[in-house]
Amino acid sequence: MKKPLLFIAIFTMSITLSFSQVFDSLTVIHPDYNIQDIARKGDVLYAALAEGGVMYSSDEGFTWTATADLPDAGFGDEAAYTILTASNGDLIVGGNTNYSGNPLGGAVFRSSNNGTSWSAIAVEGYAGYEKSEKIVELPNGNLMMQAGQSKLFVSSLSSNEWTQCTSPGGVILGFEAIGDMVFTVTNPAGGNAGTWVTSDLGQSWQRYGSNGSPIGSGTVTIAPVIKSGDYKYIGIGGYYDPKGIYRSGINDTLWVEVNNGLNSSGIYPICMATDNQTIWMVFQDAGGGCSFTSTSDFGDNWAEPIQGGLPQQGVGGPCVPKMMVFKTHLYTFANKSIYRIEDVAIPASTGEIEYKDNYVDVFPNPVSDQLNIKIKKTGILNGKWEIINIYGQVMMSGELITNSNNSISVEVSQLTPGYYLLKTDTEDKISVTNFLKN
């Protein structure tokens with residue numbers, strides 16, 4: 001018979017938050033190629049460059065080195081437009097094809113060795129000039145990719161090909177995976193304006209929300225749907241109402257406007273980022289300039305917007321297309337340069353963890369990449385494990401089948417820096433311990 005949970009893991013934290021409100025330009029990644037996307041894996045940053053392949057930085061973005069060349073997918077360049085760090089540690093890069101005779105049918109690349117080598121993955125129906133806009137991963141290892149304005153493709157971490165699935169129709173402006181669901185936001189000009197969701201890999205789509213979405217009519221701009229804590233958020237701007245920031249519970253279908261502190265009539269959201277405690281947003285104002293703001297109370301109140309050193313013009317449009325929290329810093333990019341605000345997140349060194357369990361060891365702690373889990377009991381054990389964030393949400397899970405040393409290793413590089421609980425459930429005991437992700 002299983003024993004009840006023996007303890008409650010306790011975090012003892014002494015935290016001083018330090019905020020710098022100015023983006024500083026770190027460096028030009030490459031003098032010839034524009035940056036299209038950035039990602040992180042452990043302590044390494046990766047950048048996808050248009051016609052320039054993939055580069056990486058091991059010193060928080062100050063210096064950059066090229067990975068191995070991407071395979072020639074039939075168009076003679078190294079187009080890289082989006083990059084994803086998958087849960088199994090693979091790097092997945094989406095490019096484009098402007099050559100209909102491409103024998104691969106498309107251009108998606110995978111590396112299982114941090115960019116030392118790349119393999120090409122076939123994409124069925126990926127013809128014509130359609131670049132990969134974004135690739136997302138679902139908890140079960142399935143992948144979905146947006147290509148061009150309206151096409152969607154599905155694959156998995158174990159597959160060597162992509163196949164086209166249905167889309168809700170219209171031009172896709174926002175595209176994000178939250179849990180086992182994929183959300184898209186479509187332009188009114190496409191005839192199917194609204195927020196749409198699929199939980200069956202694009203076999204069917206349903207409108208999300210009582211009126212489909214908070215989107216009105218006319219041309220809009222979308223800051224993609226993001227998840228922060230127990231809520232999801234969407235930013236909407238355009239020439240017609242409504243505009244602004246909207247929030248919905250993870251399991252709710254009603255969008256609520258959360259614009260306090262913002263002039264919603266002049267907001268054109270461009271991108272948002274979060275560390276599950278603070279949300280940062282870049283938007284274009286009515287005068288065409290770019291500003292920056294943040295909220296730490298779930299969007300109920302926003303800080304006074306400032307320009308904060310933001311580049312005012314990026315590739316193909318204003319400002320910056322994406323932000324990302326890495327360690328304690330907030331990163332973005334425009335054209336050929338990487339920008340950063342220092343110390344916007346909780347510094348990893350300020351937390352102290354008090355352990356209350358003698359059954360499970362986790363190390364190293366703090367951890368960046370591989371978390372080792374050791375059960376202090378003789379004999380090989382079977383069970384399951386879960387990694388839970390500070391909001392009680394299960395972020396990762398798997399089978400707990402230990403080796404002869406009663407230990408397993410889990411890749412946690414994709415987790416946002418912060419505090420987590422590790423719950424193990426073996427044949428005779430449920431146990432919880434805690435760790436810090438750098």
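The values are calculated or read from the model by the stated rules, or taken from the named source; none is laboratory data. Predicted, not measured: the structure shown is a model, and the values here were computed from it. Positions of Cβ are generated from backbone atoms using ideal geometry, with glycine treated the same way; all protein chains shown enter the neighbour counts.
Against the condition touching a strand residue (DSSP E or B) at 6+ places or on another chain (Cβ under 6 Å), farther than 13 Å from Thr332 by Cβ and β-branched (Val, Ile, Thr), how does Ile270 come out, does it pass? So Ile270 does not fit the description; no. The listed residues are Ile250, Ile245, and the only one of them that is at negative phi and modelled with pLDDT of 75 or more turns out to be Ile245. One residue alone among Lys377, Lys384 is in a strand (DSSP E or B) and modelled with pLDDT under 85, and that residue is Lys384. Going by the conditions given, is Gly170 in the same structural domain as Ser87 (by TED's automatic domain parsing), buried (at least 18 other Cβ atoms within 10 Å of the Cβ) and more than 24 Å from Tyr231 (Cα to Cα)? Spelling it out, Gly170 is indeed in the same structural domain as Ser87 (by TED's automatic domain parsing), buried (at least 18 other Cβ atoms within 10 Å of the Cβ) and more than 24 Å from Tyr231 (Cα to Cα). The number of residues in the stretch 31-78 that are in contact with a strand residue (DSSP E or B) (Cβ under 8 Å, 6 or more places away or on another chain), modelled with pLDDT of 90 or more and surrounded by fewer than 16 Cβ atoms within 10 Å (Cβ to Cβ) comes to 6. Here Ala147 does not fit the description of being at pLDDT 85 or above and crowded, with 21+ Cβ neighbours inside 10 Å. Filtering the stretch 117-130 to residues that are modelled with pLDDT of 75 or more and either aromatic (Phe, Trp, Tyr) or within 13 Å of Ser150 (Cβ to Cβ) (or both) leaves only Trp118. Mind listing just one residue for me: the one in the stretch 387-434 that is at pLDDT 80 or above, in a strand (DSSP E or B) and of a type in the set (S, T, N, Q) and, of those, surrounded by the most Cβ atoms within 10 Å (Cβ to Cβ)? Ranking the qualifying residues of the stretch 387-434, first place goes to Thr424.
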